[in-house]
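Asks: Okay, here's the structure, questions in a sec.
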Amino acid sequence: MHQIHRDAEDINDDDLLLRRITPADHTAPQPDGTRILTSYAFRERSHEFSMYVAKEVTREKVLSCGFETQEVVEIRAGDVRGLGYMIVRDPDNCDDSHVFAKALAPKSKGQIHKDCKALAEIVNFRRATQA
Amino acid sequence: MAQALRLPNFIELKRSRQDQESNRRQWSGVKSLQSPAWLKEIYDRISDLKKLKEDWDSYGGLPVADEAISRIRVLLSNLDIEDMPKPHVAPLPDGGIGLHWRVADRDLEIEVEPNGAIHFLQTRVGGDSTPGDMRNLKEVQEYLDWALGK
């Protein structure tokens, strides 16, 4: 049966969402020694990507549900919504703060690839300006 | 008895030099035979991806498909990549493999799907991205050349 998903209104655009990444797979080393996030960091088989609401969970808890080699990156909920996704609450075995981003309208693989790249570049830009 | 003085055979020496020169001219234009220093490291990395088990990304990612591995090896061994910097190689959650290059403000991601299909995402850093499909080696080469600013 077709499931109806709703955007979580209690998650504000300024709220941060946490996502586990595997640096060896999801970040690319640069000539200056820094690493940049690639679009692969937000890719999933389902074309919906998992995150946790930062104000409701600790980074340690999010990491504890992954592998030792993983790290956490953060993205604003408004950045995800701005690309045409809703943020759907979906408590999982790890934590009740689990959400996933679901496209408001069907998107092609290429469009999803493009959106994941946009999110990665937002993270890269914020890291660069904060450094 | 004193040994006879052995002089070099100048005719054979000249022929040998002519053959070497002819050989050099014949192959100097075939760029794909020149392998970049990083190629072996990348092949090793691709082989390592084969060891990934399901859920390697903690989000249910599939193991890398054999077809993706063989297709990406064919790509790398047939393209003119001598001048390219080392790509970043990543497993994809659907069993494919991704290659990523960033050269100055030009960013290129090439993906090989588990069934061997090839896609790309071309991005100007700070600007927009263009996704698309690649149907042959020539098209892949054109995007690599774009990344290098050729």
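Asks: Which members of the range A:27-39 meet the condition of being in contact with a Ser or Thr (Cβ under 6 Å, 6 or more places away or on another chain) and within 8 Å of chain B (Cβ to nearest Cβ)?
Replies: Matches in the range A:27-39: A:Ala28 only.
Asks: Got a number for residues in the range B:123-137 being under 11 Å from B:Arg106 (Cα atoms), at the interface with chain A (Cβ under 8 Å from one of its Cβ atoms) and not in a loop (DSSP other than H, G, I, E, B)?
Replies: Residues in the range B:123-137 being under 11 Å from B:Arg106 (Cα atoms), at the interface with chain A (Cβ under 8 Å from one of its Cβ atoms) and not in a loop (DSSP other than H, G, I, E, B): 2 in total.
Asks: Which one is farthest from the other protein chains (Cβ to nearest Cβ), of the residues in the range B:81-91 that are touching a helix residue (DSSP H, G or I) at 6+ places or on another chain (Cβ under 7 Å) and surrounded by fewer than 16 Cβ atoms within 10 Å (Cβ to Cβ)?
Replies: Looking at the filtered set, the residue picked out is B:Glu82.
Asks: Based on what the data block shows, is B:Leu62 closer than 28 Å to B:Gly149 by Cβ and not small (Gly, Ala, Ser)?
Replies: Working: closer than 28 Å to B:Gly149 by Cβ: no; not small (Gly, Ala, Ser): yes.
When the stated conditions are applied, B:Leu62 does not pass them.
Asks: For the range A:107-131, give me each residue that is crowded, with 20+ Cβ neighbours inside 10 Å and among the small types (Gly, Ala, Ser).
Replies: Result: A:Ala120, single match.
Asks: Sort out which residues of the range B:63-94 are among the β-branched types (Val, Ile, Thr) and over 21 Å from A:Ile21 (Cβ atoms), and write them in order of number.
Replies: Of all residues in the range B:63-94, those among the β-branched types (Val, Ile, Thr) come to B:64, B:69, B:72, B:74, B:81, B:89.
Within the range B:63-94, B:Ile69, B:Ile72, B:Val74, B:Ile81 meet the criteria.
Asks: Is there a residue being assigned to a strand (DSSP E or B) and either under 12 Å from the mean Cα position of the chain (by Cα) or modelled with pLDDT under 95 (or both) anywhere in the range A:3-13? Lay out the reasoning, then the answer.
Replies: Residues of the range A:3-13 assigned to a strand (DSSP E or B): none.
No, the range A:3-13 has no match at all.
Asks: Pull up the range A:96-118, narrow it to residues that are of a type in the set (A, V, I, L, M, F, W, C), in a strand (DSSP E or B) and away from chain B (no Cβ under 13 Å), then point me to the one that is nearest to A:Ile4 (Cα to Cα). Steps first, please.
Replies: The first filter runs over the range A:96-118 and keeps only residues of a type in the set (A, V, I, L, M, F, W, C), leaving A:99-101, A:103-105, A:112, A:116, A:118.
Of the ones still in play, those that are also in a strand (DSSP E or B) are A:99-101, A:103.
Right, trim to away from chain B (no Cβ under 13 Å) and you get A:99, A:103.
Working: A:Val99: 15, A:Ala103: 12 Å.
Among them, the one singled out is A:Ala103.
Okay, residues lined up against (1) within 15 Å of the chain's Cα centre (by Cα); (2) surrounded by 13 or more Cβ atoms within 10 Å (Cβ to Cβ); (3) assigned to a helix (DSSP H, G or I); (4) among the hydroxyl-bearing types (Ser, Thr, Tyr):
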position	(1), (2), (3), (4)
B:Glu54	no, no, no, no
B:Asp57	no, yes, no, no
B:Leu62	no, yes, no, no
B:Ser70	yes, yes, yes, yes
B:Leu75	yes, yes, yes, no
B:Pro93	no, yes, no, no
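Asks: Out of A:Thr38, A:Thr69, report the one residue that is closer than 29 Å to B:Ile42 by Cβ, among the β-branched types (Val, Ile, Thr) and loosely packed, with under 14 Cβ neighbours inside 10 Å. Let's see the steps before the verdict.
Replies: Values: A:Thr38 fails: loosely packed, with under 14 Cβ neighbours inside 10 Å.
Step by step, each of A:Thr38, A:Thr69 is checked, and only A:Thr69 is closer than 29 Å to B:Ile42 by Cβ, among the β-branched types (Val, Ile, Thr) and loosely packed, with under 14 Cβ neighbours inside 10 Å.
Asks: Does the range B:43-51 contain at least one residue that is surrounded by fewer than 19 Cβ atoms within 10 Å (Cβ to Cβ) and closer than 23 Å to B:Leu121 by Cα?
Replies: Here is the first cut: in the range B:43-51, the residues surrounded by fewer than 19 Cβ atoms within 10 Å (Cβ to Cβ) are B:43-45, B:47-48, B:50-51.
Now narrow it down to the ones that are closer than 23 Å to B:Leu121 by Cα: B:43, B:45.
The answer is yes; a qualifying residue exists.
Asks: Further, regarding this structure: I'd like the full set of residues that are out of contact with any strand residue (DSSP E or B) (no Cβ under 7 Å at 6 or more places or on another chain) and in contact (Cβ under 8 Å) with a residue 60 or more places away in the chain, limited to the range B:76-93. Explain how you work it out, then say what you get.
Replies: Of the residues in the range B:76-93, the ones out of contact with any strand residue (DSSP E or B) (no Cβ under 7 Å at 6 or more places or on another chain) are B:76-83, B:86, B:93.
Passing the criteria: B:Leu79, B:Asp80, B:Ile81, B:Asp83.
Asks: Name the one entry in A:Glu60, A:Glu56, A:Glu48 that is of a type in the set (Asp, Glu), within 14 Å of another protein chain (Cβ to nearest Cβ) and out of contact with any helix residue (DSSP H, G or I) (no Cβ under 6 Å at 6 or more places or on another chain). Reasoning before the result, please.
Replies: Details: A:Glu60 fails: within 14 Å of another protein chain (Cβ to nearest Cβ); A:Glu56 fails: within 14 Å of another protein chain (Cβ to nearest Cβ).
From the options A:Glu60, A:Glu56, A:Glu48, the qualifying one is A:Glu48.
Asks: Of all residues in the range B:100-114 being assigned to a strand (DSSP E or B) and within 10 Å of chain A (Cβ to nearest Cβ), which is surrounded by the fewest Cβ atoms within 10 Å (Cβ to Cβ)? Please lay out each step first, then the result.
Replies: First, the residues of the range B:100-114 that are assigned to a strand (DSSP E or B): B:100-103, B:106-112.
Then drop every residue that is not within 10 Å of chain A (Cβ to nearest Cβ), which leaves B:100-103, B:107, B:109, B:111.
Details: B:His100: 20, B:Trp101: 20, B:Arg102: 20, B:Val103: 16, B:Asp107: 25, B:Glu109: 28, B:Glu111: 26.
Here the residue is B:Val103.
Asks: Of the numbered conditions (1) free of Cβ contacts under 8 Å to residues at least 24 places away in the same chain; (2) more than 24 Å from B:Leu108 (Cβ to Cβ), A:His26 fails exactly one; give the number of that condition.
Replies: (2)
The values are calculated or read from the model by the stated rules, or taken from the named source; none is laboratory data. The shown structure was predicted, so the numbers you read here are calculated from the model rather than taken from an experiment. Neighbour counts run over all protein chains shown; Cβ positions are idealised from the backbone, glycine included.
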